Amino acid sequence: MSAPITLSAEFRKIVESRMDQFLRGVAETFNAIIEKQNITPEDLTTELESLQDTFNVVFQKWSLEILYTIMLRDTIGFGEVKKILGVNSRTLSDKLKMLQTHGYINRNVTAGPPLRVEYSLTSKGKDTVLLAMPLLYYSFR
């Protein structure tokens, strides 16, 4: 039986402090770019359109939850993800395939009886979780 995934109060305080620093840094960088590069609304629209596929994958229901769960466990089997998130098998299978296709997770199959499938994050998946943490945290504040 797996233990619930929780953040200790001390860890949460550290994460909050670092996220605040991160968000200030992003805001300062964004403002500096806007001021120096004379970016037009059309330029911003083009840039956002180029990110549309990423937004569609990452912000689908269950995507961030799955990525976050895998990050906290490093490697994790299908059944454990299903149990932790309470998602049905079909939905989980579809989401895991989509995340693998888009390069967010690795799928490792160990032959045996029984056959074991484990998932881990790619660098892209880890970076996505780390960048999404402020969104996840601040949406629950």
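Exposure proxy check: 22, 11 ranked by fewest other beta carbons within 10 Å?
Ranked by crowding around the Cβ, least crowded first: 11, 22.
Before rounding to the nearest 500, sum -39500 (n - 2.57) across all DSSP H runs of length at least 4 in the chain and divide by the residue total; then give [θ] at 222 nm in deg cm²/dmol.
It comes out at -21500 deg cm²/dmol, rounded to the nearest 500.
Where the only charges are on Cβ atoms (+1 Lys, Arg; -1 Asp, Glu), what is the dipole of segment 8-50 about its Cα centre, to the nearest 20 debye?
Computed charge dipole of segment 8-50: roughly 340 debye.
Calculate the length of the line joining the C-alpha centroid of segment 14-37 to that of segment 103-132, in whole Å.
Rounded to whole Å, the Cα centres lie 30 Å apart.
Take residue 101 and residue 40, extend 7 Å from each Cα along the Cα→Cβ direction, and tell me the distance between the two endpoints in nm.
If labels sit at residue 101 and residue 40, their model points lie 3.6 nm apart.
What is the order of 10, 118, fewest Cβ neighbours within 10 Å to most?
Sorted ascending by nearby Cβ count, the order is 10, 118.
Just so you know, all these numbers are worked out from the coordinates, no wet-lab data involved. All values derive from a computational prediction rather than experimental measurement. Cβ coordinates were reconstructed from backbone atoms using ideal geometry, including for glycine residues, and neighbour counts include every protein chain displayed.
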